[in-house]
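Data first, discussion second: the structure below is written as structure tokens.
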Amino acid sequence: MLAHGHLLILEGYAVRAGINNTSAHAKVQNYKAVTLDLWETILFEKDGNDARRRMARCRNLTGILAELGVDTSIEHVNLALDKTIEMLLTVWSENKDLSHIDQLQSIIRVASRGTTEIREEWLQKLSQAYVSPLFEIPPYMNPDALQALQWLKMQNKKIGLICNTGLTPGFGLRDLLSRLGVSGYFDVMVFSDEVGIRKPDQRIFHFAARKLKVKPSETVHIGDNLKSDVWGAQSAGFRAIHLSGTEGHDKLAEKDPKSMQVVSRNLGNLKGKRTVPDRTISRLAMLAKAIGEIEDKTV
């Protein structure tokens, strides 16, 4: 049960979005669930975060490997990260994903010049070194995200998260969302490194729908990537809302062809496929209005 203060905030949000409380409640009932993308939808980046996080990851791993008696350097770990990203790109191009442990094994193998394999007793320290940069150099939450999630809860929506992970695994992102105070809004969180499938593959959308106990046709997905979040969602039978704004993009990373932003953006190219979102919004604050308009069109 949401506190009375939340109710007042959400009523104001529905009015600002151009939907009165009665009509909003009536319109959204056809769609039982809403799923959201994470990066550049719920989480935003400051310029330069990607590069700073990468250096922290290399520094942390080098320090832990030295403690464990593995002869390497920051330069070799950085090279290992490049090689691991190349491997990930091959896997991701098939809409598949590798686990967090697979990534660590690849990095250690290359960083040690093929002389070292991960030992089970090393995993906790290595994993912490690999994931901790997310908290050392954290992204920030889309300023509209909390209110959007509150509004969805007030409409008795089931809420899901469908995330293509990069170098940070799902368990780290869950922890971050918990620290940001929004994890409780999600009924289901699906991370590609945990299920081995990436958007736009229909199976990850269908997996989320099953976990939410809804049909794809009863679900709306919101995200920033036309291929992964719009074409993928619509191919799976979802309705799709495209978040087209550029706020919260790491503009320095977008100039670096090796950055995760550029890598994921290139994978998101439609390459001849045509897709038209059910609605396009520039801010999550427009979500209530967009869902209402989709309902008007389908009633």
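Within the range 69-86, the set of residues being touching a Ser or Thr at 6+ places or on another chain (Cβ under 8 Å) and either loosely packed, with under 14 Cβ neighbours inside 10 Å or β-branched (Val, Ile, Thr) (or both) comprises VAL70, ASP71, THR72, SER73, ILE74, VAL77, THR84.
Working only within the range 36-52, note down all residues that are assigned to a helix (DSSP H, G or I) and touching a Lys or Arg at 6+ places or on another chain (Cβ under 7 Å). Answer for the range 36-52, where residues must be assigned to a helix (DSSP H, G or I) and touching a Lys or Arg at 6+ places or on another chain (Cβ under 7 Å): there is none. Name every residue in the range 87-98 that is surrounded by 14 or more Cβ atoms within 10 Å (Cβ to Cβ) and either small (Gly, Ala, Ser) or closer than 18 Å to SER127 by Cβ (or both), in order of residue number. Correct list: LEU88, ASP97, LEU98. Taking the range 113-128 as the range and being closer than 21 Å to MET87 by Cα and either touching a residue at least 60 places away in the same chain (Cβ under 8 Å) or touching a helix residue (DSSP H, G or I) at 6+ places or on another chain (Cβ under 8 Å) (or both) as the test, the residues that pass are ARG113, THR116, GLU117, ILE118, LEU123, LEU126, SER127. Scanning the range 176-197 for residues that are of a type in the set (Phe, Trp, Tyr), surrounded by fewer than 24 Cβ atoms within 10 Å (Cβ to Cβ), closer than 13 Å to LEU38 by Cα and not assigned by TED's automatic domain parsing to the domain that holds SER106 turns up at least one hit. From the list VAL70, VAL110, VAL77, the lone residue that is touching a Cys at 6+ places or on another chain (Cβ under 8 Å), touching a residue at least 24 places away in the same chain (Cβ under 8 Å) and either more than 20 Å from GLY166 (Cβ to Cβ) or not assigned by TED's automatic domain parsing to the domain that holds SER228 (or both) is VAL77.
The values are calculated or read from the model by the stated rules, or taken from the named source; none is laboratory data. Since this is a predicted model, take the numbers as computed values, not measurements. We place every Cβ from the backbone using ideal geometry, glycine too, and count neighbours over all the protein chains shown.
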